[in-house]
Each structure stands twice: as structure tokens, then as C-alpha cells.
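Written out below as C-alpha cells is the structure these notes cover.
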Amino acid sequence: KGQAMTVEFIPSGSITSVPGFRAAGVACGLKKNDALDLALVAADQPCVAAAVFTTNRVKAAPVLYDQQALAQHPSSLRGVVINSGCANACTGVRGLEDARNTAAALAQALGGVPEEWMVMSTGVIGQHLPMDKILTGIERAEAVLSHEESAGHDAARAIMTTDTQPKEAAVRVAWESGQCVIA
């Protein structure tokens, strides 16, 4: 109330501009030409999360999984893995099981329980996830997780499908009693 506030755009900002977040973008073979296709964003500590989900009646397996995970652990989420190249949509029971197995792999690699990890997929609809490639990608991403800005930029590039530029922005908001960074 009544506090002066400033907002500063961070020109080279990424998700790692936010203190306490690490990221990675790696190639795991979902896209051609060894393009980045798997992003991992991990919080240094479990954190509060919120999400907006599609209102479409047809929801992809990762959406269904994430809705349940967020409902169970709204204040202790640890991060998200996002693959591009395969949407894991319209894939039935197997698609949901693949989403669960992806989260379980994250929990095993980085800690917590599977429901503290969100899973997202973008790309071709109607194809099952090649889980061997996803699991390899998680291993590669874990090995290079970093607080560095370049890691955040790699994560943004890894989730591109038909985009011509990565979608990322960061701002620093400051007021009399503190500040925060939003990416």
C-alpha cells in the first residue's frame, strides 16, 4: 500500500534470473539434427506453484498428470521437465503412464516424490513418448543443470516447436521493502 515501485526489464534475462532456480536444455533425439528438445527447470528448494490449464475437454496426458500433481503438492513443487517434438496428447492410458514415469525419473534423479515434479510436452499429437530418449534426456539435463543465464536460454530454446525465437523475458520488481525477479 502506497509504496513506490520500479520495474526493470532484464535484457538478457531467463528463468535462471530468478534466484534459486537452475535450468538446462539438452538434445535427447526427439528432434532432427541434434536440436535441443528437452528442458529441465529445478528449484533449489520445494516451492509454491500455480498453473493455468486448458479448458478444452480433450486434455493431453501431461495436463491431466500436472493437474493432479499440483492439487496434491501446491506448496512443495520442485520443478518441471518439458519435451518438444512429441506432445503426448491423445495417447490414452499409456500416455498418462509415460507422464508418471517421467516424473518418477525426475524424483529419483533430483529428489522428492514424483508428484512434486511437473511434466509438459509439446509437438506432434497422437504419438507416444519415446521413453528411452526422455530418460536419457533427463540424465543429460541433470548433469548440466545450472544457475547460469545461458542454461535458462538453452531451456527456452529446447521447448521451441514452430517458434522462430525463444519465448523468454525477465523483470526485476523493486519496492521500498524488497524486490523480486519474475521470468
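Among the conditions (1) open to solvent by 70 Å² or more (accessible area, probe 1.4 Å); (2) in a helix (DSSP H, G or I), Lys167 misses just one, which is (2).
Looking across Ala156, Ala141, one residue alone is touching a Ser or Thr at 6+ places or on another chain (Cβ under 7 Å), crowded, with 21+ Cβ neighbours inside 10 Å and farther than 25 Å from Ala71 by Cβ. It is Ala156. Within the span defined as segment 107-125, one or more residues are assigned to a helix (DSSP H, G or I), free of Cβ contacts under 8 Å to residues at least 40 places away in the same chain and touching a strand residue (DSSP E or B) at 6+ places or on another chain (Cβ under 8 Å). In this entry, Pro114 passes the filter for residues that are touching a Lys or Arg at 6+ places or on another chain (Cβ under 7 Å), more than 18 Å from Ala39 (Cβ to Cβ) and either surrounded by fewer than 22 Cβ atoms within 10 Å (Cβ to Cβ) or of a type in the set (A, V, I, L, M) (or both).
Kindly establish whether Ala89 is crowded, with 19+ Cβ neighbours inside 10 Å, at pLDDT 95 or above and of a type in the set (Gly, Ala, Ser).
yes
Of note, Ser75 does not satisfy the criterion of being surrounded by 20 or more Cβ atoms within 10 Å (Cβ to Cβ) and either aromatic (Phe, Trp, Tyr) or not in a helix (DSSP H, G or I) (or both).
Looking only at segment 31-45, decide whether some residue is more than 30 Å from Cys180 (Cβ to Cβ) and buried (at least 16 other Cβ atoms within 10 Å of the Cβ).
yes
The values are calculated or read from the model by the stated rules, or taken from the named source; none is laboratory data. What you see is a predicted model; the values in this text were computed from it and never measured. Methodologically, a virtual Cβ is constructed for each residue, glycine included, from the backbone with ideal geometry; neighbour enumeration extends over all protein chains shown. SASA here: full protein model, heavy atoms, side chains in, ligands and nucleic acids out. Shrake-Rupley method; radii C 1.70, N 1.55, O 1.52, S 1.80 Å.
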